[in-house]
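What follows is a short report on a single structure.
The values are calculated or read from the model by the stated rules, or taken from the named source; none is laboratory data. Predicted, not measured: the structure shown is a model, and the values here were computed from it. A quick note on method: Cβ atoms are made from the backbone with ideal geometry, for glycine too, and the neighbour counts reach across all protein chains shown. The accessibility values were calculated without ligands, DNA or RNA, using every heavy atom of the protein model including side chains. Shrake-Rupley method; radii C 1.70, N 1.55, O 1.52, S 1.80 Å.
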Amino acid sequence: MKAVVMAGGEGTRLRPLTSRRPKPLVPIMNRPIMEHIIVLLKQHNITDIIVTLYYLADEISGYFGDGSDWGVNIQYVVEETPLGTAGAVRQAAHLLGDEPFLIVSGDALTDIRLDRLIRYHHLKGSVATLALAHVDNPREFGVVITDEDGRIQRFLEKPDWSNVFSDTVNTGMYVIDPEVFNLMEPGRAYDWSQDIFPHLLREGKPLYGYIMGEDEYWCDVGTLEQYREAHEEVLTGKVNLTLPAMEYAPGIWVEPGAQIHPEAEIHQPVYIGRQAIIKRLARVGPFSVVGDNSIIEEGAVVERSVLWDSVYVGTNSHVASSVIGSHTNLKHDVHVMEGVVIGDRVNVGEGCTIRPHLKIWPDKFIEPGSTVTMSLVWGKKWQGSLFRNLGVAGIISVEITPEFASKLAASYGVLLRKGASVLLSRDSHKSSRAIKHAVMSGLLSVGVNVLDLRSMPVPIARHHIRASGAAGGVNVRIAPYNPRLTLIEFFDKNGIYISKSMERKIESVFFREDFVRTDIEEVGEIEFASRAIEQYQSDFFQHVDSRCLGEARYRVVLDFAFHRMASIFPNILGKMNCEVIALNAYADPERAPHTEEQVRDHLLNLQQIVQTLRADVGVLFESDGERMRIVDAHGDILSDQRLLILYALAVARAYRRARIAVPVTASSVIEPLVTQYGGTVVRTKTDVRSLMGIAVSESEPVFMAGDGEGGFILPQFQPSFDALYGFVKLLELLSRSKTTLHELAQQVPPFFLVRRTVQCPWEMKGTVMRVMTKQCRDDGKVDLIDGIKVYRDGRWALILPDASEPVFHLYAEAESLDVAQSLLEEYHQRIEALKESGAVDEG
């Protein structure tokens with residue numbers, strides 16, 4: 001059998017280690033990753049190898065040549081433009097013949113038993129057989145779901161946690177019958193997971209998954225953390241690699257030519273490369289790899305670290321849990337702290353300290369005595385994804401710094417065309433002003449023009465993006481849910497949050513740090529957006545029935561909670577013949593409520609004033625005008641869920657056959673209330689992006705979308721949260737139907753909806769989702785729109801993994817509070833049991 005080794009990847013997440021070398025040549029245990037793959041193929045008597053190349057192709061072909069040094073025959077196929085994982089192999093079809101062939105990744109670490117994989121392929125009579133592995137975090141890979149016989153049923157490419165129904169992922173290793181080439185045209189881009197395998201699945205072709213056994217290992221080595229962990233797993237014997245070292249002592253492997261002074265301390269497990277020198281009183285290990293020709297001077301300490309070839313560690317220097325690139329020199333008394341990654345040919349002067357989790361790019365010189373507190377070239381290392389639910393959030397001046405904000409904005413700007421315009425806005429906090437100016441600098445530096453809206457409520461900023469024709473927008477504010485965090489939000493041309501694919505592109509540019517700075521003549525320009533409020537008000541009046549509202553003559557109490565809309569909104573209501581009582585009607589970010597306790601105090605005050613003044617309704621605006629809390633004329637404080645139900649009912653009564661979107665967490669009483677008036681309820685995912693996405697859909701438009709947390713979208717005005725317009729529209733709906741909130745509430749049957757948050761380690765979340773999906777199917781009907789929602793005897797429970805935190809959110813609804821709490825507790829205990837047992841027993 002012939003083999004194709006995929007070796008075109010850049011390995012951007014491993015930078016700076018891969019800034020000047022392709023990922024297949026990154027060493028593990030002093031040998032390139034791809035060399036371990038070549039040796040593995042040779043061990044299974046697979047000697048005819050085709051290597052597909054793209055990024056730094058000459059580096060790889062120059063290292064391996066024709067393969068004769070490894071006893072194999074290597075031929076190369078180079079992509080001029082990226083053709084995808086399948087298109088690249090199609091380019092090599094003329095070299096593969098008419099027999100099944102093997103595909104392996106040249107930049108992953110594995111000791112898979114290829115003979116088992118090939119035998120399994122022939123046994124099943126499969127057109128394509130995929131090697132699958134269980135992983136702790138399946139979100140970073142393509143999840144594959146198989147039946148009990150191993151036949152593939154479904155593919156999920158890099159799913160959200162809510163769609164992680166298995167922790168079995170595609171490893172990128174396949175046995176393929178050449179008939180699949182009939183599905184591809186030469187020179188076109190195809191991907192195995194996204195194009196070819198789904199096509200075969202739709203045609204009903206036999207497609208099987210070989211799940212690797214416990215004695216087989218696979219790791220994508222996709223991040224710097226995984227890179228270090230892969231070495232530790234080799235050192236502890238979890239991976240079976242063929243290495244040229246002799247076991248000098250238990251757990252201590254030494255290659256030929258290495259010199260270890262008798263007074264040096266070597267703590268197993270450790271691996272020492274060829275010609276390396278460990279001097280007197282030096283201490284190496286545990287869990288360390290010393291590269292070929294490296295020198296560890298007297299008194300130096302290297303622990304839990306990976307040193308590449310020709311690294312010099314000076315006298316009394318200390319390297320902890322770090323990766324040091326080739327030909328890097330650490331002079332005496334250098335302290336390299338945990339999590340540092342240093343590229344090739346870096347010179348660190350004596351007495352320097354490099355703070356934890358920093359990255360130093362190749363060819364840098366650090367002056368003696370320096371304390372390095374930020375990465376060279378750009379800021380500090382960030383764990384995992386930059387983007388969370390609403391955008392990029394962090395502690396001001398610690399995580400969100402001007403340098404970081406400028407870099408983030410540049411990462412966004414380079415993805416737009418030069419000369420495009422981006423609208424910038426902020427809240428009234430002084431820290432937001434500083435960060436907004438840094439964002440502006442980053443955008444201007446890559447040739448993007450800025451429309452500066454200065455301090456403006458978020459709904460007006462979103463509206464002006466569409467009105468101005470801007471390519472997108474960036475808003476900086478104190479996070480609504482945590483006053484210690486600064487939030488940077490990115491909007492698209494419709495004023496809604498950018499897509500997840502765009503977020504990933506920004507992250508990719510950010511971490512690669514590939515910025516094309518513009519010429520001085522093409523630096524972006526700044527223009528002040530002066531008519532945003534006027535345009536917002538004009539459009540506002542065109543989308544409400546002023547006559548209907550004027551006839552009702554509502555008396556309303558507005559608590560602006562020290563946000564900025566206080567100078568705008570009372571005028572709008574006044575023109576509609578409403579009597580307005582305004583509270584806290586000036587901007588003061590220090591006094592704005594952020595915690596539930598602070599919000600409760602505002603609501604109790606609002607309740608008292610509504611009752612005293614006999615107002616028709618009171619509203620508390622939150623989240624910079626995006627969300628609201630309501631107090632009705634009887635002084636009842638409406639919960640977020642009840643407000644959603646009443647709003648949906650008001651829409652259904654006033655506009656027959658209206659389509660209303662609500663998340664899967666909303667109470668089930670909504671459906672019968674809406675359908676009795678001919679309306680339709682559409683269930684969505686719980687994240688705001690999904691709600692906004694359905695709001696901009698033209699194929700199946702909705703009248704209203706609500707998130708159950710006080711946020712409402714009325715797409716006829718704008719497809720994003722706007723509590724200002726949402727509140728006025730609610731008054732119009734009530735006036736149109738000649739009813740009140742209290743009267744609507746009489747139509748709502750009792751409902752009991754409870755929720756709870758359960759801690760769960762990241763590494764267990766995929767397993768919990770897989771096992772709970774199986775268990776819930778045995779309990780009753782299962783809905784997988786977002787998380788796992790199971791229906792049982794008129795009740796339901798929802799298991800919803802958080803996208804950015806190591807927790808699950810549990811929801812349950814039943815006919816009484818006790819039953820709902822009992823149902824919630826049942827699924828809580830199931831998750832706890834899985835966490836304690838490690839999900840070994842899946843039955």
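Listed by chain and number, the lysines whose alpha-carbon sits under 17 Å from that of Lys765, ignoring those within fewer than 8 places in the same chain, are Lys158, Lys774, Lys789, Lys835. Using a 7 Å offset from Cα along Cα-Cβ at Glu80, what residues in the range 46-62 end up with backbone N under 18 Å from the label point? Those under the cut-off are 52-58. Calculate how many DSSP beta bridges within the chain are antiparallel, expressed in % of all such bridges and rounded to the nearest 5. The antiparallel proportion sits near 45 percent.
The angle between the Cα long axis of helix 532-542 and the longest principal axis of the Cα atoms of the chain comes to about 60 degrees, rounded to the nearest 10.
Estimated from helical segments only, the mean residue ellipticity of the chain at 222 nm is -8500 deg cm²/dmol, where each DSSP H run of four or more residues counts as -39500 (n - 2.57).
For the range 476-560, the per residue solvent-accessible surface stands at 51 Å², with DNA, RNA and ligands left out and a 1.4 Å probe.
Which of the peptides 711-718, 671-678, 642-649 is most tightly packed, and how do the rest follow, going by the mean number of other Cβ atoms within 10 Å of each residue? Don't skip to the answer; put the middle values down first.
On the way: 711-718: 22.5, 671-678: 15.0, 642-649: 24.9.
Highest mean packing first, the order is 642-649, 711-718, 671-678.
Packing here is the average count of other Cβ atoms within 10 Å per residue, and on that basis the peptides 560-566, 354-360, highest first, run 560-566, 354-360. Just checking my list (i) 1.01; (ii) 1.11; (iii) 0.97 against Rg/Rh (Cα atoms, Kirkwood Rh) computed from this structure; which label fits? Recomputing Rg/Rh (Cα atoms, Kirkwood Rh) here gives the entry labelled (i).
Computed about its Cα centre, the charge dipole of the chain is approximately 2200 debye, with only Lys, Arg, Asp and Glu carrying charge at their Cβ. Here the accessible area is traced with a 1.4 Å probe on the protein chains. For the chain, carbon and sulfur cover 47 percent of it. For the chain, the longest principal axis of the alpha carbon atoms and the long axis of helix 114-124 meet at an angle near 60°.
Take peptides 786-797, 6-17 and line them up by average Cβ neighbours within 10 Å, highest first, as a rough protection proxy.
Numbers: 786-797: 19.5, 6-17: 22.3.
Averaged packing, sorted descending, gives the order 6-17, 786-797.
According to the square roots a ≥ b ≥ c of the eigenvalues of the Cα gyration tensor, what is the shape class of the range 1-119, taking rounded for a/c under 1.5, prolate for a/b larger than b/c otherwise, and oblate for the remainder? The shape class here is oblate. Using only side-chain charges placed at the Cβ, +1 for Lys and Arg and -1 for Asp and Glu, the dipole size of the range 1-118 relative to its Cα centre rounds to 440 debye.
Solvent-accessible surface of the range 21-139, averaged per residue with a 1.4 angstrom probe and all protein chains in place: 37 square angstrom.
Just to verify a number: FRET efficiency for Ala803 and Arg280, C-beta to C-beta distance, R0 = 60 Å, to 0.05?
Details: r = 52 Å, r/R0 = 0.87.
Computed FRET efficiency for Ala803 and Arg280: 0.70.
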